[in-house]
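Enquirer: The structure follows.
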Amino acid sequence: MNYIQLKALITTRYRKTTFTILSLMYIVGFIGLKVPLTQEYFKVLSPFNLWTSLILLLLFHQDFQPKFILFAVITFLVGFFIEVIGVHTGIIFGEYQYGQTLGIKLFEVPIVIGANWLILVYCSGVIVELFFQNLKSSISGKIILSIIAACLMVGLDLLIEPVAIRLDFWQWSFNKIPVQNYLGWLVVSLVLQFYFINSKFLKNNLLAPLLFCLQLLFFLLHTLLPA
């Protein structure tokens with residue numbers, strides 16, 4: 001079975017099943033991380049969850065023309081190397097270091113972080129275009145779309161940060177999350193979202209809104225129900 005056949009199988013015949021499996025991944029992951037007996041095992045699975053989410057997201061993407069592939073590669077690399085610069089200099093997000101939970105590192109940054117940036121930029125961009133499609137007709141409208149999508153990403157990061165510290169995704173100097181982190185996220189997200197909004201490829205991915213909402217609920221519940 002080649003990629004096109006696999007993609008067609010998952011996105012048509014098994015669409016509901018795929019949505020259910022993805023939802024169960026996040027539900028089981030949430031429970032596993034809350035139970036002390038299983039927490040360490042599920043922490044090890046965190047990068048697997050992100051990689052699987054990205055793979056399923058890409059399987060539901062409808063337009064693999066060169067412009068999309070370029071967008072995906074650039075967003076992955078920009079997200080990853082922004083974090084590399086951030087970790088080594090502290091000038092973008094503040095002073096922080098990654099723990100061991102997110103798996104294999106390159107230049108002291110987990111490789112899966114690039115995947116996470118791609119997921120968040122893509123999903124939030126798809127959501128914004130879904131609800132505000134009419135704004136794309138002008139440059140000012142595209143800027144507004146980019147700002148809204150970037151704010152979605154920063155809003156999600158507000159939920160992620162305290163949970164990430166508890167799960168040893170990363171740690172901040174003096175155990176304090178600086179305002180600089182959110183400003184850095186806003187600027188980087190805004191640039192990548194403007195790139196996404198202006199890129200000419202199909203963006204009607206049915207899985208993107210679900211994946212964003214699952215991540216939002218996952219971290220919201222961790223925040224509301226701390227260990």
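Enquirer: Just the residues that are surrounded by fewer than 17 Cβ atoms within 10 Å (Cβ to Cβ) and assigned to a helix (DSSP H, G or I), please, taken from region 166-181.
Expert: Of everything in region 166-181, those that are surrounded by fewer than 17 Cβ atoms within 10 Å (Cβ to Cβ) and assigned to a helix (DSSP H, G or I) turn out to be R166, S173, F174, N175, V179, Q180.
Enquirer: In region 207-227, what residues are touching a residue at least 60 places away in the same chain (Cβ under 8 Å) and either open to solvent by 60 Å² or more (accessible area, probe 1.4 Å) or farther than 16 Å from L54 by Cβ (or both)? Lay out the reasoning, then the answer.
Expert: Of the residues in region 207-227, the ones touching a residue at least 60 places away in the same chain (Cβ under 8 Å) are 207-212, 214-223, 225-227.
Of everything in region 207-227, those that are touching a residue at least 60 places away in the same chain (Cβ under 8 Å) and either open to solvent by 60 Å² or more (accessible area, probe 1.4 Å) or farther than 16 Å from L54 by Cβ (or both) turn out to be L216, L217, F219, L220, L221, H222, T223, L225, P226, A227.
Enquirer: Please determine, by comparing only the residues of region 19-46 that are of a type in the set (G, A, S) and within 19 Å of the chain's Cα centre (by Cα), which one is farthest from A164 (Cα to Cα).
Expert: The qualifying residue farthest from A164 (Cα to Cα) is S23.
Enquirer: Among the residues of region 73-89, how many are within 15 Å of the chain's Cα centre (by Cα) and surrounded by 18 or more Cβ atoms within 10 Å (Cβ to Cβ)?
Expert: 7
Enquirer: What pairs can you find where one residue is in region 90-108 and crowded, with 18+ Cβ neighbours inside 10 Å, the other is part of a loop (DSSP other than H, G, I, E, B), and their Cβ atoms are less than 6 Å apart, with a gap of 6+ or different chains?
Expert: Listed by first residue and then by second, the contacts come to G94/P178; T101/L167; T101/D168; T101/F169; L102/F169.
Enquirer: Moving on. Pull out all pairs, ordered by first then second residue, where Cβ-Cβ is under 8 Å, the residues are six or more apart or on different chains, the first lies in region 156-168 and is under 16 Å from P47 (Cα atoms), and the second is buried (at least 18 other Cβ atoms within 10 Å of the Cβ) and among the small types (G, A, S).
Expert: L167/S46
Enquirer: Could you pull out the residue among V187, V163 that is open to solvent by 70 Å² or more (accessible area, probe 1.4 Å), out of contact with any Ser or Thr (no Cβ under 6 Å at 6 or more places or on another chain) and part of a helix (DSSP H, G or I)?
Expert: Sole residue among the options that is open to solvent by 70 Å² or more (accessible area, probe 1.4 Å), out of contact with any Ser or Thr (no Cβ under 6 Å at 6 or more places or on another chain) and part of a helix (DSSP H, G or I): V187.
Enquirer: Take region 118-149 and flag every residue that is under 11 Å from L190 (Cβ atoms), open to solvent by less than 10 Å² (accessible area, probe 1.4 Å) and more than 12 Å from the chain's Cα centre (by Cα).
Expert: Matches in region 118-149: L145, S146, A149.
The values are calculated or read from the model by the stated rules, or taken from the named source; none is laboratory data. These numbers were taken from a predicted model, which means no experiment stands behind them. Because the Cβ atoms are built from the backbone with ideal geometry, glycine has one as well, and the counts that use them run over all protein chains shown. Surface accessibility is based on the protein's heavy atoms, side chains included, excluding ligands, DNA and RNA. Shrake-Rupley method; radii C 1.70, N 1.55, O 1.52, S 1.80 Å.
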